[in-house]
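Asks: Encoded as structure tokens, here's the structure I'll be asking about.
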Amino acid sequence: MALHKIFKIIGIVLGLLGVVCMAMLLSGNESAQDWLIYVGYIVLAVTIVMVLLFVLKGVFEGDIKKTLISLGVFAAVIIVSYVLADSTPMELPDDGGMTSESGSKWVGTGLYTFYILAIVAVGLMVFSGFKKITNR
């Protein structure tokens, strides 16, 4: 529990620092933008560290087999998305350049991955709700 308290204190300090930077920004201070960017970087770094620590803690305390199965399913979704994605280069609207075939393929992969995972999530929520209603 000590790790949770430490991260809670860090979150409060970063929140207060963000409020101070926001007040500086609203008062017209030009250097406040730089400070807000630094606070954003710090928050991102702390968030990444927290996620990694808690994920690794959960993996080693829990069932590694289930974790590896979940990672395998996620990798399979990404592979299926990559196969479905189109690699046709597209013209960018602002600068008039073209995307590469690889860039277009990976953008399509990301979109298909999102669609598949969103459909699965919505389906599981509907199934869970239906199951809860029928069990009453």
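Asks: Percent of accessible area on the chain owned by carbon and sulfur, 1.4 Å probe?
Replies: Working: 8010 of 10800 Å².
Answer for the chain: carbon and sulfur cover 74 percent of the accessible area.
Asks: Sticking with this one: How many nm is it between the label spots at Leu124 and Glu91, if each spot is 7 Å from the Cα in line with the beta carbon?
Replies: That separation, rounded to one decimal, is 4.2 nm.
Asks: I'd like the FRET efficiency for Ser100 and Ser31, computed as 1/(1 + (r/R0)^6) with the beta carbon distance as r and R0 of 35 Å, rounded to 0.05. It would help to have the intermediate numbers written out before the result.
Replies: Working: r = 39 Å, r/R0 = 1.11.
Here the calculated transfer efficiency is 0.35.
Asks: Specify the residue with the greatest mean-square fluctuation among Asp95, Asp63, Asp34, computed from a Gaussian network of the chain linking alpha-carbon atoms under 10 Å apart.
Replies: Asp95
Asks: Can you give the charge dipole size of the chain about its Cα centre, rounded to the nearest 20 debye, using +1 on the beta carbon of Lys and Arg and -1 on the beta carbon of Asp and Glu? Before the final figure, lay out the partial values.
Replies: Numbers: 9 positive and 9 negative charges, 241 e Å.
Here the chain has a charge dipole of around 1160 debye.
Asks: Could you order Lys105, Lys57 so the one with the most accessible surface comes first? Probe is 1.4 Å. If you can, show how the numbers build up before the last one.
Replies: Working: Lys105 35, Lys57 95 Å².
Descending accessible area places them as Lys57, Lys105.
Asks: Once both labels are modelled 7 Å past Cα along the beta-carbon direction, what's the Ile116-Val20 spacing in nm?
Replies: Going by the 7 Å Cα→Cβ label model, 4.7 nm.
Asks: Under a 1.4 angstrom probe, counting protein chains only, how are Ser87, Ser81 ranked by accessible area, largest first?
Replies: Values: Ser87 45, Ser81 0 Å².
Sorted by accessible area, descending: Ser87, Ser81.
Asks: Give the accessible surface of segment 1-123 per residue, rounded to a whole number of Å², with probe radius 1.4 Å and ligands, DNA and RNA excluded. If you can, show how the numbers build up before the last one.
Replies: Working: 9340 Å² over 123 residues.
Per residue, segment 1-123 has an accessible area of 76 Å².
The values are calculated or read from the model by the stated rules, or taken from the named source; none is laboratory data. Keep in mind it's a predicted model, so treat the numbers as computed, not measured. Cβ atoms come from the backbone with ideal geometry, glycine included; neighbour counts cover every protein chain shown. Side chains included, ligands, DNA and RNA excluded: accessible areas come from the protein's heavy atoms. Shrake-Rupley method; radii C 1.70, N 1.55, O 1.52, S 1.80 Å.
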